[in-house]
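Taking it in order: structure first as structure tokens, then the write-up.
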Amino acid sequence: MILHTPQNTQEVRDLVSDALAGGGKLEITGGATRLAFGAPDRQADRLSLAALSGILEYDPAELVLTARAGTALAELNEATAAQGQALAFEPWGAAGSTIGGVVAAGVSGPRRVSAGAVRDHLLGFEAVSGRGDSFRAGAKVVKNVTGYDLPKLVCGSWGRLAALTEVTLKVLPRPPECQTLLWRGLEDEAGFALLREAMRQPVDAAAASYLPGHAALVRLDGFGPSVAARKAHLTTALERYGLPDVLDAHEAAPLWASLRDGAALAPELPLWRLSLPPRQALAAIAPLLALGGRYVADWAGGLIWLVLEGHEDIVRAQAALAGGHATLARAPAALRARIPALHPQPPAIEALSRRVRRAFDPMGVFEINRFLDEPNAD
Ligand SMILES: Cc1cc2nc3c(=O)[nH]c(=O)nc-3n(C[C@H](O)[C@H](O)[C@H](O)COP(=O)(O)OP(=O)(O)OC[C@H]3O[C@@H](n4cnc5c(N)ncnc54)[C@H](O)[C@@H]3O)c2cc1C
């Protein structure tokens with residue numbers, strides 16, 4: 001395996017063109033914190049975008065930021081915080097994660113349920129396709145409605161469409177006050193019902209999550225008097241669940257961090273990320289819990305992080321039955337060699353996805369069989 005570390009877009013283009021000419025394969029990486037995702041032992045040279053780093057434009061008044069794709073997420077969080085702003089979709093990742101990796105992995109934190117996902121905040125990008133051409137899509141302004149919405153397409157594309165070299169994101173003011181209401185000792189049914197009711201109340205809840213047997217959490221963001229009024233409303237509306245404890249941002253931070261990636265769950269077990277309709281989520285996972293599964297729920301019940309040894313077919317079947325999907329987020333190499341990380345799509349959708357990939361990458365330079373679905377390009 002050769003590690004390529006291009007320093008600019010031209011070098012990315014040259015490397016992709018060389019691979020194209022020589023029939024080579026390239027695994028795109030940013031911070032390379034998620035190499036252990038998908039099939040192991042990928043036979044490809046690595047194209048690291050980490051050196052394409054730095055904020056190019058940041059206009060706090062316009063709420064728009066453009067950065068090279070290899071810019072560390074931590075750097076963006078620091079720069080926006082210094083202006084009293086933030087990436088509202090709460091991206092997260094291990095130290096070294098880059099914004100290109102976050103976009104390509106489609107990563108959004110607990111606030112997704114109110115602020116939207118990364119795909120709702122990516123305004124535009126520059127990238128190098130599998131043809132070795134660089135192209136731009138979207139724009140550097142919030143109001144932009146021309147052409148195909150390619151920014152939506154690259155979010156969650158996992159390095160299969162193009163190498164992102166630059167991204168433009170919407171930023172939002174950081175809420176001055178942030179309080180978490182925490183109801184303890186609720187059983188699963190009551191915990192999920194509380195999340196649903198909290199999201200229905202006119203309190204503009206920022207996030208709502210459930211830690212089984214421990215707590216249901218609802219976060220309220222905004223200006224102090226507004227948070228106080230909404231807290232009072234929610235406490236009254238949900239009084240049959242008991243009186244909540246109230247945590248400030250500092251006290252609640254470790255809880256939210258453990259929820260957004262299932263970090264609170266047994267690290268030695270395979271970890272699944274189930275995306276489910278919140279109403280069906282509990283029924284969908286009930287058979288998995290009976291098999292020994294343990295979980296935490298985010299996004300008001302729409303996102304379940306679940307650890308379970310074995311029973312992979314049942315996990316996938318339960319997710320599909322509820323109209324959702326299950327991603328194998330973490331597992332030993334032998335399991336990742338056997339089970340595709342991404343939920344298999346229906347044949348028609350899979351054929352469409354493949355055609356879209358071929359449009360960006362006709363010779364399959366970026367097809368490294370990470371997802372066990374395309375050993376050879378068409
Ligand atoms: C299902 C799931 C599970 C996750 N599990 C964890 C976890 O256990 N721990 C954790 O810390 N984070 C996890 N994350 C968060 C996420 O993977 C990281 O925040 C982010 O992707 C890491 O950034 P990176 O730069 O290190 O990416 P990398 O590990 O370098 O790459 C991640 C993916 O993005 C692609 N990519 C990277 N850069 C680019 C680019 N410039 N252009 C095109 N494609 C690119 C790669 O090809 C790869 O498919 C998870 C996310 C998801 C969706």
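Where a number appears in this text, it was derived from the coordinates with a stated rule and is not lab data. The structure presented is a predicted model; accordingly, all values stated were derived computationally and were not measured. Every residue, glycine among them, receives a Cβ derived from its backbone with ideal geometry; neighbour counts consider all protein chains shown.
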*Work out the length of the dipole vector of segment 271-338 about its Cα centre, built from +1 on the beta-carbon of each Lys and Arg and -1 on the beta-carbon of each Asp and Glu, and round it to the nearest 20 debye.*
120 debye
*Helix 9-22 versus the longest principal axis of the chain: what is the Cα-based angle in degrees, 0 to 90, to the nearest 10?*
60 degrees
*Hey, can you rank 1-7, 84-90 by average C-beta count inside 10 Å, highest first?*
84-90, 1-7
*Please give the helix 73-82 orientation as an angle from the longest Cα principal axis of the chain, in degrees from 0 to 90, rounded to the nearest 10.*
60 degrees
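Take peptides 226-236, 149-159 and line them up by average Cβ neighbours within 10 Å, highest first, as a rough protection proxy.
Packing order, densest peptide first, comes out as 149-159, 226-236.
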_Cβ-defined net charge surrounding ARG230, 12 Å radius [Lys, Arg +1; Asp, Glu -1]_ = -1
*About the Cα centre, charge dipole magnitude for the chain (Lys/Arg +1, Asp/Glu -1 at Cβ), debye*: 560 debye
*Which shape class applies to segment 177-260: rounded if a/c is under 1.5, otherwise prolate when a/b exceeds b/c and oblate if not, where a ≥ b ≥ c are the square roots of the Cα gyration tensor eigenvalues?*
oblate
*Measure nothing fancy, just the Cα-based angle from helix 347-360's long axis to the longest principal axis of the chain, in degrees from 0 to 90, nearest 10.*
50 degrees
*So how long is each side of segment 271-338 along the principal axes, counting just the alpha-carbon atoms, biggest first, in Å?*
34, 21, 19
*Summing Lys, Arg as +1 and Asp, Glu as -1, what charge do residues with Cβ under 10 Å from the Cβ of ALA215 carry, ALA215 excluded?*
0
_Contact order relative to length of the chain, as percent, for alpha carbon pairs under 8 angstrom and 6 or more apart_ = 18 percent
*Using only helices, what value at 222 nm comes out for the chain when you add -39,500 (n - 2.57) per DSSP H run of length 4 or more and divide by the total residues, to the nearest 500 deg cm²/dmol?*
-9500 deg cm²/dmol
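From Cα pairs below 8 angstrom and at least 6 apart in sequence, can you work out the relative contact order of segment 63-118, rounded to a whole percent?
Result for segment 63-118 is 37 percent.
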_Defining a contact as two alpha carbons under 8 Å apart and six or more residues distant in sequence, what relative contact order in percent does segment 3-173 show?_
25 percent
*Using Cα positions and a limit of under 18 Å, work out the aspartates and glutamates in reach of LYS152, with same-chain residues fewer than 8 apart set aside.*
GLU90, ASP120, GLU126, GLU166, GLU350, ASP361
_Projected area averaged over orientations for the chain, convex hull of C-alpha atoms, nm²_ = 18.4 nm²
